[in-house]
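Data block below; observations after.
The values are calculated or read from the model by the stated rules, or taken from the named source; none is laboratory data. Because the structure is predicted, anything quoted here is derived from the model rather than measured. Note that we place each Cβ from the backbone using ideal geometry, even for glycine, and neighbour counts take in every protein chain shown.
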C-alpha cells in the first residue's frame with residue numbers, strides 16, 4: 001500500500017500553489033499579502049528576540065531549512081504509487097576569527113532529519129526520482145574545520161563531510177528534482193558504495209588551490225567503507241575499520257568570464273579522476289575479487305544567451321562519467337545533458353525553467369540490464385530566496401535497465417523553505 005502524504009507538508013504545498021492564482025508584476029514577484037509578509041521576513045524564523053544578532057557578533061551563524069518532494073507515479077513502472085520524502089536540516093557555522101582570533105578558520109557542524117518513502121521502489125528504476133529521500137533517520141552530518149589561506153588561494157578542509165559537497169557538485173544555478181545531478185557523484189556511488197553525499201559524511205581531507213582567478217585544482221582523500229548502509233547510517237559511525245579502504249579524487253575546474261568586470265557569458269568546465277582501494281567482487285563471478293577501482297569524469301556548464309543587463313538567460317550543462325572496469329562496475333557509463341532558463345516568464349525574474357536527461361549504461365556482465373534513461377521537465381518558482389516551489393515531470397525509460405518493466409511517468413512538486 002502506498003503511504004499517505006503527511007498533512008502538514010501537503011497543506012504547505014497547497015497554500016503556495018493557491019497563491020499562484022494571484023497576479024504578479026515585474027516589481028512584485030510575491031503574490032498575496034499573507035505570503036508577502038511571510039517571505040519578506042529575513043529570516044523566516046525571525047531574530048530570536050535579538051539572540052541571533054548576538055550570536056552573529058560572536059561569529060556563530062545558523063541555517064534551518066526544510067525541503068520535501070510530493071510525487072506520484074501515475075503510469076508504468078512495476079506499480080503506480082505516491083510518496084512523500086522530506087528533509088529538515090540544521091547547519092551551524094562558527095567563524096573562529098571572530099570567536100577566538102584565528103584568522104581564516106571556520107568550524108561547521110550540521111544535522112539532518114530524513115523522513116518519507118522512496119517512490120523509485122514502486123517504479124523499480126535506478127536514478128531516484130526524489131532528491132530528498134534519504135531514508136528515515138536522524139543524522140549528524142558535517143563536523144569539520146576549514147582554513148582559508150593567502151586570500152583564498154589555498155583552502156584546507158578536514159573532519160567529517162561528504163565527497164559530494166566538494167567534488168562533482170550539481171550544475172550551478174540549476175534546480176532539478178531527480179537525484180542524478182544532486183550531486184553528480186551519485187553515478188560514482190553505484191560503483192563505489194563508500195562514496196558519500198549529503199546528508200551522509202565520512203572522515204576526509206580536502207585541499208583546493210587557486211593559481212589564478214579562473215583556475216582551481218582540488219584533491220580529496222576520504223575513508224571509504226563499502227559495508228555502510230547510507231540510508232540507515234546516523235552519522236556517529238566514527239570508528240575506522242582497518243579492512244576498509246580509501247577513496248581519492250582530483251578535480252580541475254576552469255571558470256570562464258567569472259572575473260570582476262567580465263562582460264562575456266559565464267561558464268565552468270571540470271575534469272577529474274578517482275581511485276578507490278577497496279576489494280571488489282566480479283559481477284559475473286562472485287567467487288573472484290580484485291583490489292582497486294577507478295574512473296574519469298567531465299562536466300561543463302555554459303550560458304549561451306543573456307538578456308540585456310541582467311543575470312537572466314539560457315544556459316546548457318552536461319556531464320560524463322566512465323568507470324572502465326565493467327567486470328566490477330554496475331554502471332560503467334553515465335551521461336547527462338540539459339538546458340535551463342532563468343527568468344523565462346515576464347515578471348518572474350528569479351524563476352528557473354529546466355529540462356535534463358540522465359543516461360546510465362549498465363555493465364555487460366549484468367545480462368538482464370541494458371540502460372536507463374530519464375527525462376525531466378521542471379519549473380522552480382522563487383517566492384523569495386527563502387521559499388521556492390517546483391512542479392516537476394519525469395519520464396523514466398527502461399526502468400532499472402530492464403525492458404520488461406514499462407516506462408514510467410512521474411508528476412510532483414518540490415517545496416523548499418529556509419527559516
Can you name every residue in region 240-265 that is under 14 Å from residue 203 (Cα atoms) and part of a loop (DSSP other than H, G, I, E, B)?
240, 241, 242, 244
Can you report the number of residues in region 283-313 which are closer than 30 Å to residue 263 by Cβ and touching a residue at least 60 places away in the same chain (Cβ under 8 Å)?
2
Selection over region 287-296 where residues are closer than 17 Å to residue 249 by Cβ and in a loop (DSSP other than H, G, I, E, B) yields a count of 0
When you scan region 334-342, do you find a residue that is on the phi < 0 side of the Ramachandran plot and assigned to a loop (DSSP other than H, G, I, E, B), even just one?
no
Single residue of region 351-379 satisfying the filter (crowded, with 23+ Cβ neighbours inside 10 Å and within 22 Å of residue 70 (Cβ to Cβ)) that is modelled with the lowest pLDDT:
352
Unique match (being modelled with pLDDT of 95 or more and in a strand (DSSP E or B)) among 393, 328:
393
Scan (1) assigned to a loop (DSSP other than H, G, I, E, B); (2) under 30 Å from residue 342 (Cα atoms); (3) in contact with a strand residue (DSSP E or B) (Cβ under 6 Å, 6 or more places away or on another chain) for the single condition residue 226 breaks and write down its number.
(2)
Lone qualifier among 388, 380, 350, 354 - being in contact (Cβ under 8 Å) with a residue 60 or more places away in the chain and under 15 Å from residue 181 (Cα atoms):
354
Go through the residues of region 277-286 one by one and say whether even a single one is modelled with pLDDT of 95 or more, under 28 Å from residue 215 (Cα atoms) and in a strand (DSSP E or B).
no
Among the residues in region 37-53, are any part of a strand (DSSP E or B) and either surrounded by 17 or more Cβ atoms within 10 Å (Cβ to Cβ) or modelled with pLDDT of 85 or more (or both)?
no
Taking into account only those residues within region 118-139 that are within 18 Å of residue 361 (Cα to Cα) and surrounded by fewer than 24 Cβ atoms within 10 Å (Cβ to Cβ), which is farthest from the chain's Cα centre (by Cα)?
124
Considering only residues that are farther than 30 Å from residue 148 by Cβ and in a helix (DSSP H, G or I), which ones fall in region 97-129?
119, 120, 121, 122, 123
Based on this model, can you work out whether residue 177 counts as closer than 30 Å to residue 388 by Cα, part of a loop (DSSP other than H, G, I, E, B) and modelled with pLDDT of 95 or more?
yes
Mind listing just one residue for me: the one in region 197-226 that is at pLDDT below 95 and touching a helix residue (DSSP H, G or I) at 6+ places or on another chain (Cβ under 8 Å) and, of those, surrounded by the fewest Cβ atoms within 10 Å (Cβ to Cβ)?
198
Exactly one condition in (1) at negative phi; (2) surrounded by fewer than 17 Cβ atoms within 10 Å (Cβ to Cβ) is not met by residue 292; state its number.
(1)
Filtered residues of region 394-419 (kept if touching a strand residue (DSSP E or B) at 6+ places or on another chain (Cβ under 7 Å), more than 21 Å from residue 173 (Cβ to Cβ) and surrounded by fewer than 19 Cβ atoms within 10 Å (Cβ to Cβ))
395, 397, 407, 409, 411, 419
